[in-house]
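A short write-up of the structure that comes next.
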Amino acid sequence: MKKCVFVSSLLFVLVGCQTVKTTDNTKTFYIDSTLADCVGVAPMKCMKIKQNQQADWELFYGTIQGFDYQPGYQYTLKVNQFDVANPPADAPSLRYELVEIINKTKK
């Protein structure tokens, strides 16, 4: 009986000592209906995004996994943002995945 109580107590102590890293990596992106000329490694087309509706449009050089951009539509997206461990010098340090298309409006 004492052994069972000891093992149970030890289990609770170990579970209580776990550290859980919780970070809010969910972002809302507003995507414009047209692409813009930009230069990364080479000239290309970039999406114009903002993270709040009052902000100015910013060029977005990366991609959003799971999102298929269609010109002529403005989007409101919910995306998850992840750090990229040891990215190459010419690659982004953040990665984005689509969670949900909140809104898609023809412009």
Q. In whole Hz, what ³J(HN,Hα) sequence does the range 90-100 give by Karplus (6.51, -1.76, 1.60; θ = phi - 60°), x for Gly and Pro?
A. 9, 10, x, 8, 10, 10, 10, 10, 5, 9, 7
**Q.** Amide hydrogen neighbours beyond the local backbone of residue 67, cut-off 5 Å, H modeled
**A.** 98
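Read-outs throughout are calculated quantities, based only on the coordinates presented, and are distinct from any laboratory measurement. A quick note: this is a predicted structure, and the numbers were derived from the prediction, not measured.
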